[in-house]
1. If only one of 38, 20 is under 24 Å from residue 139 (Cβ atoms), crowded, with 21+ Cβ neighbours inside 10 Å and among the polar types (S, T, N, Q), which one is it?
2. Return yes or no: is residue 18 of a type in the set (Val, Ile, Thr), closer than 21 Å to residue 173 by Cβ, part of a helix (DSSP H, G or I) and touching a Phe, Trp or Tyr at 6+ places or on another chain (Cβ under 8 Å)?
3. Looking at the range 185-208, I want the residues that are closer than 19 Å to residue 130 by Cα and have a partner that is among the basic types (Lys, Arg) with Cβ atoms under 8 Å, at least 6 apart or on another chain. Which pairs are those?
4. I'm told residue 178 meets every condition in (1) more than 30 Å from residue 91 (Cα to Cα); (2) surrounded by 11 or more Cβ atoms within 10 Å (Cβ to Cβ); (3) under 22 Å from the mean Cα position of the chain (by Cα) except one. Can you identify the failing condition by its number?
5. Can we say residue 59 is part of a helix (DSSP H, G or I), crowded, with 20+ Cβ neighbours inside 10 Å, of a type outside the set (Val, Ile, Thr) and touching a residue at least 60 places away in the same chain (Cβ under 8 Å)?
6. Going by what's in this entry, would residue 141 be described as assigned by TED's automatic domain parsing to the domain that holds residue 44, touching a residue at least 40 places away in the same chain (Cβ under 8 Å), part of a helix (DSSP H, G or I) and β-branched (Val, Ile, Thr)?
Amino acid sequence: MELKIAGMLLIGYLLGSIPSGVWIGKIFYGKDIRQYGSGNMGTTNTFRVLGKKAGIIVLLMDMLKGTLAACQPYLFDIRINVLIIGCAAVIGHVFPIFAGFKGGKAVATSAGILLAYNPFFFLVAWIIFLTTLYLSSMVSIASMVGMTLITLLSFLVFKDNILTIIALILTIFIFYRHRGNLKRIREGDENIVHFGLYYQHLKKQHKL
């Protein structure tokens, strides 16, 4: 049993280590997205550097990494919480062996784990994320607020202790990964997406 669990954790880590944004950029666009924009290899920078089509593909790939990793206990009929195995993909995404251990911020991969664990809660999480994104026009704020609300909902509404603990750990980790974004938000220099209420407000103020 222990050997099988170790194997699933390793597979989860390797899945998470797949640098979707880097591979898509190099293969189809001849660009290493780590040399452009924010320098991050994740979904947001892919949208910014390579465009909507590439961004959607990388988003789906990064989510799928978490889902596939978390589904292993179902596939191999091993009795262990899928969230624990899925977290190996998060570690892989943030510290990818295939990209010099310098990875993304793990938001999409974390969402993929939630899809494998609780599809309904996954939909709730996406509604929260998209609503916050529309209000703030900032992916960073939507990611941090979304994870915080997911943790609270897990504890107060779904009353799922394991999910609450995992979500809290991931929330702290995601806040840490977004520390540069928090600084830019305080200074008013954070990157924004070109839609949403805050974006419209800035346009009306002629700041864009």
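The values are calculated or read from the model by the stated rules, or taken from the named source; none is laboratory data. Remember, predicted model here, so these are calculated numbers, not experimental data. Please note: Cβ atoms are built from the backbone with ideal geometry, for glycine as well, and neighbour counts cover all protein chains shown.
1. Values: 38 fails: crowded, with 21+ Cβ neighbours inside 10 Å.
It is 20.
2. Numbers: of a type in the set (Val, Ile, Thr): yes; closer than 21 Å to residue 173 by Cβ: yes; part of a helix (DSSP H, G or I): no; touching a Phe, Trp or Tyr at 6+ places or on another chain (Cβ under 8 Å): yes.
No.
3. Close Cβ pairs (under 8 Å, with a partner that is among the basic types (Lys, Arg)) amount to 190/184; 191/48; 191/184.
4. Status for residue 178: all satisfied but (1).
5. Details: part of a helix (DSSP H, G or I): yes; crowded, with 20+ Cβ neighbours inside 10 Å: yes; of a type outside the set (Val, Ile, Thr): yes; touching a residue at least 60 places away in the same chain (Cβ under 8 Å): no.
No.
6. Working: assigned by TED's automatic domain parsing to the domain that holds residue 44: no; touching a residue at least 40 places away in the same chain (Cβ under 8 Å): yes; part of a helix (DSSP H, G or I): yes; β-branched (Val, Ile, Thr): yes.
So residue 141 does not fit the description; no.
Residue-wise test of (1) over 23 Å from residue 41 (Cα atoms); (2) of a type in the set (A, V, I, L, M, F, W, C); (3) surrounded by 13 or more Cβ atoms within 10 Å (Cβ to Cβ); (4) not assigned by TED's automatic domain parsing to the domain that holds residue 10.
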| residue | (1), (2), (3), (4) |
| --- | --- |
| 105 | no, no, yes, yes |
| 112 | no, no, yes, yes |
| 124 | yes, yes, yes, yes |
| 135 | yes, yes, yes, yes |
| 147 | no, yes, yes, yes |
| 150 | yes, yes, yes, yes |
| 153 | yes, yes, yes, yes |
| 161 | yes, no, no, yes |
| 186 | yes, no, no, yes |
